[in-house]
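Undergrad: Below: one structure in structure tokens.
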Amino acid sequence: MLIKRKSIEQVESSRRPARKPKFAPVTLSEQDGVRYLHFGTEWVQGAMRLRKPDWPELEYAQQMMAWMLFIEHPRAIAQLGLGTATLTKCCYRQFPEASVTAVELNPSVIAICASMFKLPPNDERLQVREMDALDFVNDPANLEAFDVLQCDLYDATARGPVLDTPEFYRACCACLAPGGIMTVNLFGDHPSYARNIKAMKYGFDHVICLPEVHDGNVVAICFQSRPVLDAAALAARAAQIVAATKLPAKSWVKGILAAG
């Protein structure tokens, strides 16, 4: 089909130039040996205990590792939203046989994690990628590429995920290998909570929410395929996790069994 050049020029001139995303300022605070990350507000985006830089300091961050109850030897893990690199560092240290990929849109967050939050440099196992999480999960190269996704995507107000559509969660599920699991940080007392849960159930076969922690965070565990919840097996696996990492896995089991 022939198209007049004038028509093409009109279309091209009507297109707005690509706009670079605007980011809130990255700020830090410290109290009682813990360094916190903020985006120019009082909302905490992540934390690191200075004497234990690889330890998930915040309770919700510990719960984000609850997939360990079901997946003992992950080969590939991805983190959507870097924060203070807490989960990225924890996975990198705890699973030396796994590749770890972190996706972060804000270059200032990546830089501050490297300079102030002990994020290791990229190597053959660790890759921190500056890109949009939506583009990442929609990339055909990532189809069934990961055993685990950990999603913690918040803006400066830190009150609801910036990506929360059914299509986004379905794309996340497509990135998981068979039997894969995704954990997501939500706020239980925010209007976005119900919307996210509904969207997750559209994208995943089964969703379980752990009990809300004192800061209002609720971690959702999204299963590509519905798991068998064997209380004895989960308790045994939790004991292994506690012995190896000191993470509070026994409380995860209680929350999972209560939620079903």
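The values are calculated or read from the model by the stated rules, or taken from the named source; none is laboratory data. What you see is a predicted model; the values in this text were computed from it and never measured. Here Cβ is always computed from backbone atoms with ideal geometry, including for glycine, and neighbour counts include all displayed protein chains. Calculation scope for accessible area: heavy atoms of the full protein, side chains included, ligands and nucleic acids excluded. Shrake-Rupley method; radii C 1.70, N 1.55, O 1.52, S 1.80 Å.
Undergrad: So if I check each of ALA171, ALA141, which one is among the hydrophobic types (A, V, I, L, M, F, W, C), part of a helix (DSSP H, G or I) and open to solvent by 20 Å² or more (accessible area, probe 1.4 Å)? So that I can check it myself, show each step before the final result.
TA: Working: ALA171 fails: open to solvent by 20 Å² or more (accessible area, probe 1.4 Å).
Every option except ALA141 fails the conditions.
Undergrad: Could you list, in sequence order, the residues of the range 74-94 that are in a strand (DSSP E or B) and farther than 21 Å from PHE23 by Cβ?
TA: Of the residues in the range 74-94, the ones in a strand (DSSP E or B) are 76-80.
ALA76, ILE77, ALA78 - these are the residues of the range 74-94 that are in a strand (DSSP E or B) and farther than 21 Å from PHE23 by Cβ.
Undergrad: Filter the range 129-138 down to the residues that are among the hydrophobic types (A, V, I, L, M, F, W, C) and under 23 Å from VAL219 (Cα atoms), then identify the one that is most open to solvent (accessible area, probe 1.4 Å). Please lay out each step first, then the result.
TA: We begin by selecting, within the range 129-138, every residue among the hydrophobic types (A, V, I, L, M, F, W, C); these are 131, 133-134, 136-137.
Of the ones still in play, those that are also under 23 Å from VAL219 (Cα atoms) are 133-134, 136-137.
Numbers: ALA133: 8, LEU134: 65, PHE136: 2, VAL137: 9 Å².
Taking the candidates together, the pick is LEU134.
Undergrad: For the subset of the range 58-73 comprising residues that are open to solvent by less than 20 Å² (accessible area, probe 1.4 Å) and outside any helix (DSSP H, G or I), which member is nearest to CYS151 (Cα to Cα)?
TA: Of all residues in the range 58-73, those open to solvent by less than 20 Å² (accessible area, probe 1.4 Å) come to 61, 63-69.
Filter again for outside any helix (DSSP H, G or I), leaving 64-65.
On the way: MET64: 9, MET65: 11 Å.
In this case the residue turns out to be MET64.
Undergrad: In the range 217-249, which residues are assigned to a loop (DSSP other than H, G, I, E, B) and under 17 Å from the mean Cα position of the chain (by Cα)?
TA: Correct list: GLN224 only.
Undergrad: I've got another one for you. Conditions first: (1) modelled with pLDDT under 95; (2) open to solvent by 60 Å² or more (accessible area, probe 1.4 Å); (3) closer than 23 Å to THR86 by Cβ. LYS118 passes all but one, so which condition is the exception?
TA: Just one mismatch for LYS118, condition (1).
Undergrad: Something else: When you scan the range 179-196, how many residues do you find that are more than 23 Å from VAL44 (Cβ to Cβ) and either of a type in the set (Asp, Glu) or under 16 Å from the mean Cα position of the chain (by Cα) (or both)?
TA: The qualifying residues number 2.
Undergrad: State all residues of the range 174-187 that are surrounded by fewer than 20 Cβ atoms within 10 Å (Cβ to Cβ) and over 15 Å from LYS201 (Cα atoms); if no residue qualifies, say none. Walk me through how you get there before you give the answer.
TA: Going through the range 174-187, the residues surrounded by fewer than 20 Cβ atoms within 10 Å (Cβ to Cβ) turn out to be 174, 177-179.
Once the filter is applied, which keeps residues that are surrounded by fewer than 20 Cβ atoms within 10 Å (Cβ to Cβ) and over 15 Å from LYS201 (Cα atoms), the range 174-187 yields ALA177, PRO178, GLY179.
Undergrad: So how many residues does the range 218-233 have that are in contact (Cβ under 8 Å) with a residue 12 or more places away in the chain and open to solvent by 10 Å² or more (accessible area, probe 1.4 Å)?
TA: Step one: of the range 218-233, the residues in contact (Cβ under 8 Å) with a residue 12 or more places away in the chain are 218-227, 229, 231.
Then keep just the ones that are open to solvent by 10 Å² or more (accessible area, probe 1.4 Å); that gives 224-227, 229, 231.
The total comes to 6.
Undergrad: If you don't mind, there's one more thing I want to ask. Restricting the range 95-115 to residues that are among the aliphatic types (A, V, I, L, M) and assigned to a loop (DSSP other than H, G, I, E, B), which is most open to solvent (accessible area, probe 1.4 Å)? Talk me through it step by step, then tell me what you get.
TA: Let us first name the residues in the range 95-115 that are among the aliphatic types (A, V, I, L, M), namely 98, 100, 102-103, 105, 109-112, 114.
Filter once more, so that each one left must be assigned to a loop (DSSP other than H, G, I, E, B): 98, 105.
Working: ALA98: 1, LEU105: 66 Å².
The qualifying residue most open to solvent (accessible area, probe 1.4 Å) is LEU105.
Undergrad: Only one of these conditions is not met by GLU12: (1) in a helix (DSSP H, G or I); (2) modelled with pLDDT of 95 or more; (3) loosely packed, with under 11 Cβ neighbours inside 10 Å. Which number is it?
TA: (2)
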